[in-house]
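Here, each number is a calculation from the coordinates, and none is a lab measurement. These figures come from a predicted structure and were not determined experimentally. Here Cβ is always computed from backbone atoms with ideal geometry, including for glycine, and neighbour counts include all displayed protein chains.
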């Protein structure tokens, strides 16, 4: 029994996401420019390496990643026919929850019932950032008020369907 379980863990590690996976997803969307807010240290390079242009002007593809939705609003950066990808964490009671494991970083969310912290492990560095998780119903209502509809929601970049009990989400909205 023990070796089989080890194989499952190795299979998960083989399929972990990376910034190149995110860049490939963006490229497949068919847009040429993109607005990005993210704490991923190598994402901008990965996006430009596949030929996408990073802009601050309203765009047809806007990505608000790593809980940026808790401290800012993506709506003004969206063109009249935009796809908006929001990645964030959900309010959880207490504990430590893994949010991302990528080839260049790992991220966990800690909650003590009052405060939420995002802890990022990047190479030999550890960063602790206070975050304000956003409940999905609040996010969905905010999107609706801005003229967006939910297209899909996943657990993370694995694109596995969200069940609602995970501590994070990746949501795709459209306003066309």
Among 115, 120, 83, which comes first, then next, by fewest other beta-carbon atoms within 10 Å?
115, 120, 83
Whole-Å semi-axes of the chain's equivalent ellipsoid (Cα gyration tensor)
26, 20, 16
Angle, helix 2-14 long axis vs. longest principal axis of the chain, Cα atoms, 0 to 90°, nearest 10?
20 degrees
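For segment 16-71, what is the convex hull volume of the alpha-carbon atoms per residue, in Å³?
Working: hull volume 4.7 nm³, N = 56.
In segment 16-71, the Cα hull volume divided by residue count equals 83 Å³.
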How many nm is it between the label spots at residue 158 and residue 24, if each spot is 7 Å from the Cα in line with the beta carbon?
1.7 nm
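If neighbour count is taken as other Cβ atoms inside 10 Å, put 92, 62 in order from fewest to most. Spell out each step's value before the answer.
Working: 92 18, 62 24.
Taking fewest neighbouring Cβ atoms as first place, the list is 92, 62.
Using only DSSP helix segments of four residues or longer, with each worth -39500 (n - 2.57), what per-residue ellipticity at 222 nm results for the chain after dividing by its residue count and rounding to 500? Display every interim value, and only then the final one.
Values: 4 runs with 40 residues, N = 176.
Here the helix-only value at 222 nm equals -6500 deg cm²/dmol.
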Compute the normalised compactness of segment 73-164: alpha-carbon radius of gyration over 2.2 N^0.38 Å, N being the residue count.
1.21
Part-to-part distance (alpha-carbon centres) for segment 138-176 and segment 39-62, which is given in Å
20 Å
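Quick one: plug the Kirkwood hydrodynamic radius of segment 114-172 (C-alpha pairs) into Stokes-Einstein at 37 °C, 0.692 mPa s, and report D in µm²/s. Please report the intermediate quantities before stating the final value.
Numbers: Rh = 13.5 Å.
D, rounded to a whole number, is 244 µm²/s.
Just the number, please: percent antiparallel of the DSSP beta bridges in the chain, rounded to the nearest 5.
75 percent
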Full extension between residue 33 and residue 48 adds, at 0.36 nm per residue less the Cα distance, a length in nm of 4.4 nm
Fully extended contour minus Cα-Cα distance, from residue 114 to residue 150, at 0.36 nm per residue:
10.0 nm
On a 0 to 90° scale, report how tilted helix 136-145 is relative to the longest principal axis of the chain, with both axes built from alpha carbons and the result rounded to the nearest 10.
10 degrees
Measure nothing fancy, just the Cα-based angle from helix 19-28's long axis to the longest principal axis of the chain, in degrees from 0 to 90, nearest 10.
40 degrees
